[in-house]
Amino acid sequence: MGKITVATPEELAEALHQQVDEITVSNEMQAQMQALANRQLSDADRLGFEIGGRGVLTVLEHGLNHVQAKIQKGDKLQAQIDERVLGLYKVAMQPNGEALLRLKQLDY
């Protein structure tokens with residue numbers, strides 16, 4: 001669906017809802033994106049996780065992320081963003097402080 005640059009949580013939520021292929025998140029949201037990047041497994045770790053768990057652990061991971069989003073205190077919009085990013089996107093922090101979100105399915 002293309003590329004888009006967002007600067008606010010509302011713009012990010014809309015882009016995530018549309019499942020835009022690549023989303024560049026401005027450095028105003030750097031702290032939130034860095035936290036999400038730290039929660040994701042590397043490609044090698046994910047492969048070991050999926051093979052070792054025979055696919056069952058991936059479903060469990062999705063469930064745990066969903067539960068965590070539901071009990072997270074604070075902003076509901078941020079919880080929805082966190083859940084969607086962790087489920088659908090790979091987060092890569094750029095040297096300029098921006099974050100690049102790329103749909104995981106594009107890497108297959």
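Values for this structure:
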{"item": "Count of the range 32-75 residues which are assigned to a loop (DSSP other than H, G, I, E, B) and modelled with pLDDT of 70 or more", "result": "3"}
{"item": "Near pairs, Cβ below 7 angstrom, 6+ apart or cross-chain, from the range 81-97 (within 18 Å of N27 (Cβ to Cβ)) to any residue that is part of a loop (DSSP other than H, G, I, E, B)", "result": "V91/Q40"}
{"item": "Condition broken by E11, with the remaining ones in (1) modelled with pLDDT of 90 or more; (2) in contact with a Ser or Thr (Cβ under 7 Å, 6 or more places away or on another chain); (3) of a type outside the set (K, R) satisfied", "result": "(2)"}
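The values are calculated or read from the model by the stated rules, or taken from the named source; none is laboratory data. Here the structure is a predicted model, which is why all the values come from computation and not from measurement. All Cβ positions, even for glycine, are placed from backbone atoms using ideal geometry, and neighbour counts span all protein chains on display.
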